[in-house]
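Participant: Here you go, one structure.
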Amino acid sequence: MKPPPFEYIAPESIEEALAALREHGDEAKVLAGGQSLMPLLAFRLLRPSVLVDLNRVPGLDELRLDKETLVVGAMARQRAVEMLVGLRERCAMVSEAVELVGHVAIRNRGTVGGSLVHADPAAEWAALVVALDGELELFGPSGSRKMAAAEFLITYFTTALAPDELLTRVQLSLPNGRSGSCFLELCRRHGDFAIVGVGAVVTLGANGEVADGRVVLIGIAERAVRATAVEKALAGERPTEQTIAQAVRELDGEISPGSDIHASESYRRQVAAVLTRRALARAAERAQKAEYASEA
Amino acid sequence: MARRWVGQPLRRREDDRLLRGRGRFIGDVAIPGELHVVFVRSPYAHARIVAIDESRALALKGVVAVVTHKDVPDSPLPPFLWDTPPEKLVAALKPFLRPCHPPLLPPDRARYVGQALVAVVAENRYVAEDAAELVVVEYEPLEPLATVEAALAGDAPMVHDGWEDNIAVRFTVRKGDAKDALANAAVVVAERFSIQRQAGIPIEMRGAVADPDEDGSLTLWCSTQNAHPLRRAMSRVSGLAPERIRVIAPDVGGGFGIKGVLYPEDLLVGLIALRLGRPVKWLEDRLEHMQSAVHAREQVHELELGLSAEGEIVALRDFIRVDTGAYNPLGLVIPYNTIAHLMGPYRVPAFEAVAEGVITTKAPTAPYRGAGRPEAVFAFERALELGAHRLNLDSLEVRLRNLVRPEEMPFDTGILYRDGEPLVLDGGDYPELLRRAADRIGWDSGVRLADGRRVGRGIAMYVEGTGIGPYEGAHVSLTADGRVLVRTGACSQGQGHATVLAQICADAMGVGPDDVDIIGGDTEGLERGWGTVASRSVVVAGSAVSEAAVTVKQQLLKLASGLLEIASADLTVEDGQVRAVGTARALTLAEIVAEAGRRGVVLEATRYHEPPTVTWSSGAHTARVAVDEETGVVEVLDYAVVHDCGRVVNPLVVEGQVIGGVAQGLAGALYEEVLYDEDGQLLNGTLVDYLVPTAEEVPTIRLDHLETPSPLNPLGLRGVGEGGAIAPPAVIANAVQDALPPGAGVVRRTPLSPPYVRELIGRQ
């Protein structure tokens, strides 16, 4: 189908962009990479009267791997993150998750900010910001404010972003010390939306016990979920097949998957448990092998 | 003279143009002043059309017309290809068959979601879509019948007026007394198998452009597989003589049978253009395509296979229900194809099959690559595998025991083919196909991969009736520059006709294939044609091309003989020249053409080849799969095909055909399923949710072939377009079953989605 009629504005500064949003409010939609928005327009599922195109606004696409953080501008392309030198060694989970975002052609245009604001409950970026203490910077008429990822992502396709605000950047805290991470997904075809996705980070203490474990899941609720009960059950234990299996028993109460044409609730629960086990095992194995161990 | 070009792996002539983006597809046909058509389509599976108010749509700037059922004839679409079964078949079967064609625009009811109800004509597609939203249709929703069960329930409404039930076709095919034979079998496998509804998914969707001329004639470009039949239909519907209509199938990006059907939209585009006196274009989008282009394959088999203690087939009974959708324009084609291919390459002494085509409020179904054969092979090969297992025999051995052997050919199966002729297997070495396919895959089972996944192997065999009549035409002539021009009724959607038919013509005439130009899919210059469906074009069009070319060659030699004053017998045609053997005396074809012109001698011929019946291709496919027990995910590790399509004209093209077919077969085995809910709403109308496999999902397919020339045409050709798609669902099902742990459930349906496989494992 063809999109319904709309007005198109291409601001060249963030102030211009904010002015356009202020003027048009709910009638406006922001165009970043267009990989989610344009299909919605083409199906006429969304009918904004105004598109505000951010692609000419400078300064929104920074990408920086620091000692302790990964800083990603809202307009950074998925592909740029995928190709960021040193990222896989520093935190494999991020690289493995980004590689699973659609196909290369989609990643060439799609942006990290676009994914976060779109808030699909199966989006890999939602898992990453929730797992890695993501801090999002929002810029509005009264200046900028910071918000934690868990507060930002509310439910299906809904965030705490106000209609007159823009997401400008997100900062992830990368694991420190002896750590390993992993991201696994079950999907029907290469590049598809995840039926279930799991990200795991394991940081080991002096005696090889889990000092900090993170488990995040997508596709099993209305937003990305930290399986804190699983994390608690594993804390202080050495990560073995048995302790991991034991901890994963706590998973079922943490997730509330739905059913759709691809998978039932019960299948999603089964797969969530399987992938969580596998992701934790691999993250622990990588932690045990970790060559990079920064100061805690 | 010795054959030179048939058999050569020539690279396709079409490819340079296509790869450079110089193809001319329906979307590239642009006529100045053309208008765009968008259809208002039913949002209900079943609803009475109470009223249509087009006033707001007409008022929108840029809208030129809104066409409703009041503006067009309300009779059903005219016959197209196969609707009327041959007399011999009708006499033998006495089938129950109700004609059931859609109208151009239904005046009374919508019968499936996506059925076209109103046509909006505007300056461009954007405005036309805006206007389509402004057309107000008042509906009275009726009870949807989204399944065969719902359609056959006692209190179900009739989808078509005047019917006492929702059954469009029913017939029985019998040989011997199957019931009796089953009673005496050592083992009877009785199972219910179901094959899911699928969509053909050509990458290019449907479209048509109609350009009316001031003199009242019409040119209709259409992304169709059957140019001449479409012209006939357009003539019937418009009242214009066929001679005043030219149908052109331009480059077509895939058809697979989906474009081998007569669609109301294509005819409406022509009618609207004639009515308005302006060119009119329709290009559908994927959502329209998923809703309203034909679907395929939805069948349930209740099958009984009887085996002796030694694993010999004793009898086969099958009751088949086909979900035919809201209309049944192809009569008994699909159910009969299924029945005709059930016995496959095997000896089945007693046979009874009953087929029923049931009307439901979903998109109509029609032939899609394989056209009823994949369903037959799935049901039979699954049953055979289960039977071998029950008898504790190696299923490979059981197959070998039952295969028709080369020395038994020609083998009369005792039933008829759907052309009304006896179904006689006419050549091939089925045991050899099986042995080679098994060798290729390594016949060890019960292996586990390092990552813990279980490995299984599967096999299936098929035969395929190809090259069906009634005829195909070719007109061969020489142009002033000494090149050969061939016009044929065959239409290419990627089968490589411009190369393959040129190779056949080259051999027949003694020229090079680069000297031959093939024009297919254009009604101009060839009076009659049938089109490209059912794996028929290389056989039937190829034979017609060859016959016409041979005739023109005789004409050339006769004229050259007179000019050179040498007997024809001492002349040859080679490399674009007529040469006197043993001398340097020669004339170029261009010179002869010029001379023919001066003398008024004809150097052209039209031939229609009418095959006596179908000729039989065959194949064995094998696969090894890995199954993740915890998630049910299946990976195809290895896939091999050993097939026999008779004399191979171009091995590269054949390879492409087989691999493409296997990819679509694997799609049906593992991924694709058209899903409707109980209200007849299409749940997966986009490629996000209708899972067409990508290159990442298709494994490397290993090919081998035998060549058993067909006895039914001089070149020994058998068809190859569909073969690849016939066996994969059976092969993968057999392989997955082999991989599953003991005590797991029986694989009875496709697709083998991870949740389904997991469920089978969970049944331990």
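Read-outs throughout are calculated quantities, based only on the coordinates presented, and are distinct from any laboratory measurement. Keep in mind that this is a model prediction, so the values were computed, not measured. Glycine gets a Cβ as well: all are built from the backbone with ideal geometry, and neighbour counts include every protein chain shown.
Participant: For the stretch B:315-354, which semi-axes, largest first and in whole Å, follow from the square roots of 5 times the eigenvalues of its Cα gyration tensor?
Facilitator: Equivalent ellipsoid of the stretch B:315-354: 24, 10, 6 Å, largest first.
Participant: Next up: In whole angstrom, how far apart do the alpha carbon centroids of the stretch B:551-617 and the stretch A:12-73 sit?
Facilitator: 70
Participant: Right, here's the next one. Return a whole-number percent for the relative contact order of the stretch A:1-97, with Cα pairs under 8 Å and 6 or more residues apart as the contact set.
Facilitator: Relative CO of the stretch A:1-97 lands at 28 percent.
Participant: Then there is this: Let me test this: with uniform point scatterers at the alpha carbons of the protein assembly as shown, what is the Debye-based log₁₀ I(q)/I(0) at q = 0.07 1/Å?
Facilitator: -0.73
Participant: Count, for each residue of A:181-188, the Cβ atoms from other chains sitting within 10 Å of its Cβ, then give me the mean as a whole number.
Facilitator: Per-residue shielding by partner chains comes out at 2.
Participant: Lysines near B:K94 by alpha-carbon distance under 19 Å, same-chain residues fewer than 8 away left out - which ones?
Facilitator: B:K175
Participant: In addition: Straight distance only, please: which lysines reach the Cα of A:K289 with their own Cα at less than 26 Å, same-chain residues fewer than 8 apart left out?
Facilitator: A:K289 reaches A:K67, A:K232.
Participant: Scan the stretch A:108-196 for trypsin sites (Lys or Arg not before Pro) in coil per DSSP, keeping those whose Cβ has at most 15 other Cβ atoms within 10 Å, and list them by number.
Facilitator: Listed in order of number, the matching sites are A:R189.
Participant: While we're here: Under a point-charge model restricted to the Cβ atoms of Lys and Arg (+1) and Asp and Glu (-1), what is the dipole moment magnitude of chain B relative to its Cα centre, in debye to the nearest 20? Could you put the intermediate results ahead of the total?
Facilitator: Details: 76 positive and 103 negative charges, 224 e Å.
Roughly 1080 debye, rounded to the nearest 20.
Participant: With a cap of 15 neighbouring Cβ atoms within 10 Å, and only residues DSSP puts in a loop, list the GluC sites (Glu not before Pro) found in the stretch B:122-180.
Facilitator: Those that pass, being in a loop and sparsely packed, are B:E123, B:E164.
Participant: So for the pair A:E15, A:T155, with labels modelled 7 Å out along Cα→Cβ, what separation do we get in nm?
Facilitator: In this crude label model, A:E15 to A:T155 measures out at 3.9 nm.
Participant: Turning to a different aspect of this structure: Report the semi-axes of the equivalent ellipsoid for the stretch B:405-506 in whole Å, largest first, where each axis is √(5λ) for an eigenvalue λ of the Cα gyration tensor. Don't skip to the answer; put the middle values down first.
Facilitator: Numbers: eigenvalues 339, 116, 35 Å².
With the √(5λ) rule applied to the stretch B:405-506, the semi-axes are 41, 24, 13 Å.
Participant: How many Cβ atoms of partner chains, on average, are near each residue of B:121-131 if near means within 10 Å of its Cβ? Working shown, then result.
Facilitator: On the way: counts 0, 0, 0, 1, 2, 5, 2, 1, 5, 4, 0.
The shielding value for this peptide is 2.
Participant: Hey, could you pull the Cα Rg and Dmax for the stretch A:58-142, both in Å?
Facilitator: 12.3, 39
Participant: If eta is 0.692 mPa s and T is 37 °C, what Stokes-Einstein diffusion coefficient results for the stretch B:591-721, Kirkwood Rh from Cα pairs, in µm²/s?
Facilitator: The estimated diffusion coefficient comes to 172 µm²/s.
Participant: Give B:K88/B:K558; B:K281/B:K553; B:K281/B:K362; B:K259/B:K558 a once-over and call out the pairs whose C-alpha atoms are over 31 Å from each other. Numbers along the way, then the final one.
Facilitator: Details: B:K88/B:K558 43 Å; B:K281/B:K553 42 Å; B:K281/B:K362 26 Å; B:K259/B:K558 43 Å.
With Cα atoms farther than 31 Å apart: B:K88/B:K558; B:K281/B:K553; B:K259/B:K558.
Participant: Working from Cα positions, state the angle (0 to 90°, nearest 10) between the long axis of helix A:14-24 and the longest principal axis of chain A.
Facilitator: 70
Participant: What's log10 of I(q)/I(0) for the stretch A:171-296 at q = 0.20 Å⁻¹, Debye sum over Cα points only, no solvent?
Facilitator: -1.05
Participant: Let me ask something else. Could you tell me the distance between the Cα centroids of the stretch B:457-491 and the stretch B:375-443, to the nearest Å?
Facilitator: 28
Participant: Could you give each residue of the stretch B:191-198 its phi-based ³J(HN,Hα) in whole Hz, using Karplus coefficients 6.51, -1.76, 1.60 with θ = phi - 60°, and x for Gly or Pro?
Facilitator: 9, 10, 10, 9, 10, 7, 5, 10
Participant: Turning to a different aspect of this structure: With Rg and the Kirkwood Rh both taken from Cα atoms, where does Rg over Rh land for the stretch B:1-69?
Facilitator: 1.31
Participant: Based on the Cβ-Cβ distance from B:D215 to B:E527, what FRET efficiency comes out when R0 is 25 Å, to the nearest 0.05?
Facilitator: 0.75
Participant: Another one. What order do you get for B:T499, A:T158, B:T588 when you list them from fewest to most C-beta neighbours inside 10 Å? All intermediate terms of the calculation are to be shown ahead of the outcome.
Facilitator: Numbers: B:T499 24, A:T158 11, B:T588 14.
Fewest-to-most Cβ neighbours within 10 Å comes out as A:T158, B:T588, B:T499.
Participant: Something else about it: Provide the packing ranking of A:26-39, B:525-538, i.e. peptides ordered by the mean count of other C-beta atoms within 10 Å per residue, highest first.
Facilitator: B:525-538, A:26-39
Participant: Right, next: Which whole-number percent gives the relative contact order of chain A, counting Cα pairs below 8 Å spaced six or more residues apart?
Facilitator: Normalised by residue count, the contact order of chain A is 16 percent.
Participant: Continuing with the same structure: Ordered by residue, what ³J(HN,Hα) values in Hz, to whole numbers, does the stretch B:486-502 give under the Karplus form 6.51 cos²θ - 1.76 cosθ + 1.60, where θ = phi - 60° and Gly and Pro are x?
Facilitator: 10, 10, 9, x, 5, 10, 9, 10, x, 7, x, 4, 4, 8, 5, 5, 5
Participant: So if I take the alpha carbon set of chain A, get Rg, then get Rh from the Kirkwood formula, what is the Rg over Rh ratio?
Facilitator: Taking Rh as the inverse mean 1/r over Cα pairs, Rg/Rh reads 0.99.
Participant: Sticking with this structure for a sec: Throw me the Rg/Rh for chain B, computed over C-alpha atoms with Kirkwood Rh, two decimals.
Facilitator: Result: Rg/Rh = 0.99.
Participant: Mind putting a number on the dipole of the stretch A:103-205 about its Cα centre? Charges go on the C-beta only, +1 for Lys and Arg and -1 for Asp and Glu, and I need it in Debye to the nearest 20.
Facilitator: 300
Participant: Semi-axes, largest first, in whole Å: what does sqrt of 5 times each Cα gyration tensor eigenvalue give for the stretch A:1-126? Spell out each step's value before the answer.
Facilitator: Working: eigenvalues 158, 61, 23 Å².
Semi-axis lengths for the stretch A:1-126 are 28, 17, 11 Å.
Participant: Now, a different point. Kirkwood hydrodynamic radius of the stretch B:253-391 from all distinct Cα pairs, in Å?
Facilitator: 17.2 Å is the Kirkwood radius here.
Participant: Here is a follow-up. If I take every Cα pair under 8 Å that is 6 or more residues apart in chain B, average their sequence separation and divide by the length, what percent do I get for the relative contact order?
Facilitator: On the way: 1947 pairs, mean separation 122.6, N = 764.
Computed value for chain B: 16 percent relative contact order.
Participant: Now for a separate question. For a quick check: with amide H placed at 1.01 Å from N, whose amide H comes under 5 Å from B:H705's, ignoring anything fewer than 5 positions away on the same chain?
Facilitator: Those qualifying (amide H under 5 Å, at least 5 residues apart or on another chain) are B:H643.
Participant: Pop out the ³J(HN,Hα) list for the stretch B:19-29 in order, Karplus 6.51 cos²θ - 1.76 cosθ + 1.60 with θ = phi - 60°, rounded to Hz; leave Gly and Pro as x.
Facilitator: 5, 8, x, 9, x, 10, 8, 4, x, 8, 7
Participant: Expressed as cubic angstrom per residue, what is the convex hull volume of the alpha carbon set of the stretch B:69-228? Can you show the working numbers first?
Facilitator: Working: hull volume 36.6 nm³, N = 160.
So the per-residue hull volume is 229 Å³.
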